[in-house]
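Working notes, structure below.
The values are calculated or read from the model by the stated rules, or taken from the named source; none is laboratory data. Keep in mind it's a predicted model, so treat the numbers as computed, not measured. Because the Cβ atoms are built from the backbone with ideal geometry, glycine has one as well, and the counts that use them run over all protein chains shown. Remember, those area values only see protein heavy atoms, side chains included, never the ligands or the DNA or RNA. Shrake-Rupley method; radii C 1.70, N 1.55, O 1.52, S 1.80 Å.
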Amino acid sequence: MTSTTVPSRTRRASSIQVRRQSFDFATTPKYYFNNNPLLSYLLTALSLTFPHGERFFVHSVRNVRNQIKDDNLQKEVSAFIGQEAMHSHAHEDFNSFVEGLGIDIQPILQSEYEKIEYAKTKLNQKQQLAVTCALEHFTAIIAQYLLEHPDFHRQLNPRVAKLWMWHALEETEHKAVAFDVYQEIFADQATRKRIMRIITTTFLSRISYLTFKLLLNDPVGRKQWRQHITAFKQLKEVFTALAPAYLDYYQDNFHPNQHDSTQITAQWREQLFGEPINKEVASTAIH
Ligand SMILES: [Fe+2]
Ligand SMILES: [Fe+2]
């Protein structure tokens, strides 16, 4: 696939901000998602994959950074690296809270680390960046769902919500950065889509495995069948809602910004950080 297939893209003219955050998870309940064990463990499973996973995202972009000619994209890469570094640290704190609940997370973290190190030895730079683009698409569509569905995110304990909504906002803000780097340097849509098919299977099976491992190791949580039924109903709703956005990735001319998140991110910047909506810089189309 040649660069002529690369879609026009829109990018915020203002730079993406890196925000240092601190969190206190003291007194947070074990089942922090509406007292639901399965959904709480699902989010915990995601959190356990984040520190090593997000370091890999940064690694895959840094691999090729010296080939980026677009100055604006270089600035966004710096912000992307800064945001992901903050997320890794914050989720390490969250994972320490999980460990404090008596859950043995170290074997899971070690396994995540080993899988990623193995992938680095087997995949070339283009494939590694395509993995990042695929996982950034997953995080972007899940994040936008969280931001746009108060009926869902209000079920989170407020201490945990602060972490997840900050992370969701910033994932949405930088959703196009790794993708734009991939398009500027490789623009190979066949590889991008092939890697997405592989990542879909590995990511969903890994998160499901970790969720059920955590649940089955909890003698109290695993017996809460009514809560499990509620969880499956909610997950079905989420998957159904996300399917079209997920499938858009397989278009040859897909770009993350075709899922407009300008308004919702502006609203959340104001809500979380008091950044006024009227200072929002209008999107600028570039080709
Ligand atoms: Fe992140
Ligand atoms: Fe990200």
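Quick one: dipole size for the chain, taken about the Cα centre, charges +1 on Lys/Arg Cβ and -1 on Asp/Glu Cβ, in debye to the nearest 20. Display every interim value, and only then the final one.
Values: 32 positive and 30 negative charges, 113 e Å.
Its charge dipole is roughly 540 debye.
How do Glu170, Glu117 rank by accessible surface area computed with a 1.4 Å probe, from largest to smallest?
On the way: Glu170 0, Glu117 65 Å².
Ranking Glu170, Glu117 by accessible area, largest first, yields Glu117, Glu170.
How long is the gain from Ser22 to Asp93 if the chain were fully straight, where each residue apart is worth 0.36 nm and the alpha carbon distance is subtracted? Don't skip to the end; give the middle numbers.
Numbers: separation 71, 0.36 × 71 = 25.56 nm, distance 0.90 nm.
So the chain would gain 24.7 nm between Ser22 and Asp93.
Would you mind pulling out the separation of the Cα centroids of region 80-145 and region 200-267, in Å?
One Cα centre to the other: 16 Å.
Starting from the 7 Å offset along Cα-to-Cβ, what nm value, one decimal, do you get for the label separation of Lys69 and Phe212?
In this crude spin-label approximation the distance works out to 5.0 nm.
Compute the length gained on full extension between Asn253 and Arg55: take 0.36 nm times their separation in residues and subtract their Cα-Cα distance, giving the result in nm to one decimal.
Roughly 68.5 nm would be gained on extension.
When ranked by the protection proxy of mean other Cβ atoms within 10 Å per residue, highest first, what sequence do the peptides 217-229, 258-270 form? Intermediate values should be presented prior to the final figure.
Numbers: 217-229: 13.2, 258-270: 16.6.
Packing order, densest peptide first, comes out as 258-270, 217-229.
Can you give the FRET efficiency to the nearest 0.05 for Asn34 and Gln267, using r as the Cβ-Cβ distance and R₀ = 22 Å?
Values: r = 23 Å, r/R0 = 1.04.
The value I calculate is 0.45.
GNM on the chain, C-alpha springs below 10 Å: top fluctuator among Ala243, Ala161, Ala178?
Greatest mean-square fluctuation among the candidates belongs to Ala243.
Express in Å², to the nearest 10, the accessible area of Met165 obtained by rolling a 1.4 Å probe over the protein heavy atoms while all chains stay in place.
The value for Met165 is about 10 Å².
How far apart, in nm, are the 7 Å Cα→Cβ label points at Leu242 and Glu114?
Label-label distance for Leu242 and Glu114, simple model: 2.7 nm.
Exceeding 22 Å between C-alpha atoms, which entries from my cross-link table qualify? They are Lys30/Lys115; Lys69/Lys175; Lys69/Lys126; Lys120/Lys162; Lys175/Lys236. The partial results should precede the final answer.
On the way: Lys30/Lys115 28 Å; Lys69/Lys175 20 Å; Lys69/Lys126 17 Å; Lys120/Lys162 33 Å; Lys175/Lys236 24 Å.
Flagged as over cut-off: Lys30/Lys115; Lys120/Lys162; Lys175/Lys236.
Using all Cα-Cα distances in the chain, what percent lands in each 10 angstrom bin from 0 up to the longest?
Calculated P(r), rounded to whole percents: 6, 28, 37, 22, 6, 0.
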